[in-house]
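K.L.:
One structure follows; several queries about it will come next.
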Amino acid sequence: MRARQFLFLMIAASALIPETAAAHIVKGEAIGFLSGVEHPISGLDHVIAMVAVGMWGAQLGRPAIWLLPVTFPLVMAFGGFLGLIGVPLPGSEIAIALSGVCLGAVVLLESQPPLWVAAALVGVFGLFHGYAHGAELPPGQNALLYSAGFVLATGLLHATGIAIGVVHRWPWGRVALRGAGAAVLCGGAFFLWSAFA
Amino acid sequence: MKWRAAFGAAALVLLPEAAQAHLVITGMGPVYDGMLHFGLSPEDYLPIVVLAFFSGLRGSSAARMALGGLVVGWLAGGLVAMYVTSVSPELTSVATAMLFLVLGGLLASNFAVSARAVGVAGALLGLVRGLADLAGTAFSVPHTLTLIGMTASGFVVFSLAASLTLPLKRAWLIVAARVSGSWLAALGLLLLGWIVRYGPIVG
């Protein structure tokens, strides 16, 4: 079967799947998979930090590039768990903004610390990001699908950073990646300034 | 072609769908009702896929043990729910979230456990989901057929998913499978938080 025929078949099959009409989805309600996907990508401060983690992993190479995508969702979900059960974690907004600054800086400087230091740094920031998401999660009709969307979007943001980081293998790519790190650093600085303002 | 089919199947699975907490009626009989219930219940098929990935990475012996345990456990759980007692949604919710966490953690760490232990994990998963899916139903032939439909779906999904990881040799493919484990474990943690905050959420 040719690729075009296969694509057409899949689109037709998708269109034929029965779907419940949801005419009035309340904004912010945890109503299903797509609202869960939307949550992590709706805040730029979260997005730049998570993408930067992927880029840094690509710069660090093996085993960090494999270790980070396995551990990061777990640490972040633990933060989300703490946020959901109401454990107080003061200063999370400042820590999130600071994560953009720090992760942008390490990508800019192509920092190569020991693996445990990199994992600890990413883990601590992941905890705060997860906490902020967990504390904000609204009640809704389908927590499982919402959480699945949330975790998937988080992982894909990370994967996006790793995909961008693939350019690290070329000399021009290394410079471009450091430039992207500088952009993340600037974004983080802006959010840090906003957090204090 | 194999990857296209896998991608297409994954895309279909990820389509948002309204939750149906109780047995759905397809109009095609109780066996198909059970199959459709399984297909519409991520709390049923997600841990099965992850257990299958994990047992596939541990080898064909572990995969066989897990498959056997899963089927026997699911049937036993369903029959106990119908014949003996219904377990509270609070308990099955917490047990399901814990299973997400443990099975996801096992796959994420690619933890070296014996084939027998993998079989026990499969039996536990089957037992919990069988108890949850048939909770509140009295014994009857249609409900038993529904249970068989669910169990058969679990058998097929497990076999297909395990067959994907059994032959894996490349490191990045194994890591991709392990990442799916860490995502399920993360999901389990979030579900536990949801349960603490809002009460039982998965039946």
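The values are calculated or read from the model by the stated rules, or taken from the named source; none is laboratory data. What you see is a predicted model; the values in this text were computed from it and never measured. Counting neighbours? That spans all protein chains shown, and the Cβs are built from the backbone with ideal geometry, glycine included.
K.L.:
Considering A:Ala77, A:Ala97, which residue is out of contact with any Pro (no Cβ under 8 Å at 6 or more places or on another chain), within 28 Å of B:Ser109 (Cβ to Cβ) and not polar (S, T, N, Q)?
P.N.:
Testing whether each residue is out of contact with any Pro (no Cβ under 8 Å at 6 or more places or on another chain), within 28 Å of B:Ser109 (Cβ to Cβ) and not polar (S, T, N, Q) leaves just A:Ala77.
K.L.:
Just name the residue that is nearest to the chain's Cα centre (by Cα) out of those in region A:58-83 that are modelled with pLDDT of 80 or more and among the aromatic types (Phe, Trp, Tyr).
P.N.:
Top of the filtered list is A:Phe78.
K.L.:
Given the residues A:Leu157, A:Leu145, which is the only one that is modelled with pLDDT of 85 or more and under 19 Å from the mean Cα position of the chain (by Cα)?
P.N.:
A:Leu157
K.L.:
Moving to a separate point now. Would you list the helices (runs of 4 or more DSSP H) that sit entirely within region A:84-197 and hold 3 or more residues that are within 13 Å of another protein chain (Cβ to nearest Cβ) and within 16 Å of A:Leu44 (Cα to Cα)?
P.N.:
It comes to A:115-136, A:143-165.
K.L.:
Search region A:154-171 for residues that are surrounded by fewer than 18 Cβ atoms within 10 Å (Cβ to Cβ) and pair each with any residue that is among the β-branched types (Val, Ile, Thr) and at pLDDT 85 or above when their beta-carbon atoms are under 8 Å apart and the residues are at least 6 apart or on different chains.
P.N.:
Sorted first by the residue in region A:154-171, then by its partner, the pairs are A:Thr160/A:Val51.
K.L.:
Another question, then. Looking at (1) assigned to a loop (DSSP other than H, G, I, E, B); (2) under 15 Å from B:Gly154 (Cβ atoms), can you tell me which one B:Ala112 breaks?
P.N.:
Going through the list (1) assigned to a loop (DSSP other than H, G, I, E, B); (2) under 15 Å from B:Gly154 (Cβ atoms), B:Ala112 breaks only (2).
K.L.:
Could you tell me which of the residues A:Ala58, A:Ala105 is surrounded by fewer than 21 Cβ atoms within 10 Å (Cβ to Cβ) and farther than 29 Å from B:Leu192 by Cβ?
P.N.:
Details: A:Ala58 fails: surrounded by fewer than 21 Cβ atoms within 10 Å (Cβ to Cβ).
After ruling out the rest, the residue left standing is A:Ala105.
K.L.:
Give all pairs with beta carbons closer than 6 Å in which a residue from region B:177-199 that is facing chain A (nearest Cβ under 7 Å) and in contact (Cβ under 8 Å) with a residue 12 or more places away in the chain meets a residue that is in a helix (DSSP H, G or I) and β-branched (Val, Ile, Thr); count only pairs at least 6 apart in sequence or on separate chains.
P.N.:
So the pair list comes out as B:Arg178/A:Val70; B:Val179/A:Val70; B:Ser182/A:Val70; B:Trp183/A:Val151; B:Ala186/A:Val151; B:Leu187/A:Val151.
K.L.:
Considering (1) buried (at least 24 other Cβ atoms within 10 Å of the Cβ); (2) among the hydrophobic types (A, V, I, L, M, F, W, C); (3) not in a helix (DSSP H, G or I), say which one A:Ala49 fails and leave the rest.
P.N.:
Against the list (1) buried (at least 24 other Cβ atoms within 10 Å of the Cβ); (2) among the hydrophobic types (A, V, I, L, M, F, W, C); (3) not in a helix (DSSP H, G or I), A:Ala49 comes up short only on (3).
K.L.:
Give B:Val49, B:Val24, B:Val31, B:Val13 a once-over and let me know the one that is β-branched (Val, Ile, Thr) and modelled with pLDDT of 90 or more.
P.N.:
Exactly one residue qualifies, and that residue is B:Val49.
K.L.:
Could you count how many residues in region B:142-162 are surrounded by fewer than 24 Cβ atoms within 10 Å (Cβ to Cβ) and either closer than 24 Å to B:Leu173 by Cα or free of Cβ contacts under 8 Å to residues at least 12 places away in the same chain (or both)?
P.N.:
Within region B:142-162, residues that are surrounded by fewer than 24 Cβ atoms within 10 Å (Cβ to Cβ) and either closer than 24 Å to B:Leu173 by Cα or free of Cβ contacts under 8 Å to residues at least 12 places away in the same chain (or both) number 6.
K.L.:
Among the numbered criteria (1) away from every other protein chain (no Cβ under 14 Å); (2) buried (at least 22 other Cβ atoms within 10 Å of the Cβ); (3) at pLDDT 90 or above, which one does B:Leu134 miss?
P.N.:
All conditions are met except number (3).
K.L.:
Continuing with this model, one more query. I'd like to check something: does region B:100-116 contain any residue that is within 13 Å of B:Ala162 (Cβ to Cβ), under 15 Å from the mean Cα position of the chain (by Cα) and crowded, with 18+ Cβ neighbours inside 10 Å?
P.N.:
Yes, the conditions are met somewhere in region B:100-116.
K.L.:
Could we say that B:Ala161 is part of a loop (DSSP other than H, G, I, E, B), out of contact with any strand residue (DSSP E or B) (no Cβ under 6 Å at 6 or more places or on another chain) and away from chain A (no Cβ under 14 Å) here?
P.N.:
Working: part of a loop (DSSP other than H, G, I, E, B): no; out of contact with any strand residue (DSSP E or B) (no Cβ under 6 Å at 6 or more places or on another chain): yes; away from chain A (no Cβ under 14 Å): yes.
So B:Ala161 does not fit the description; no.
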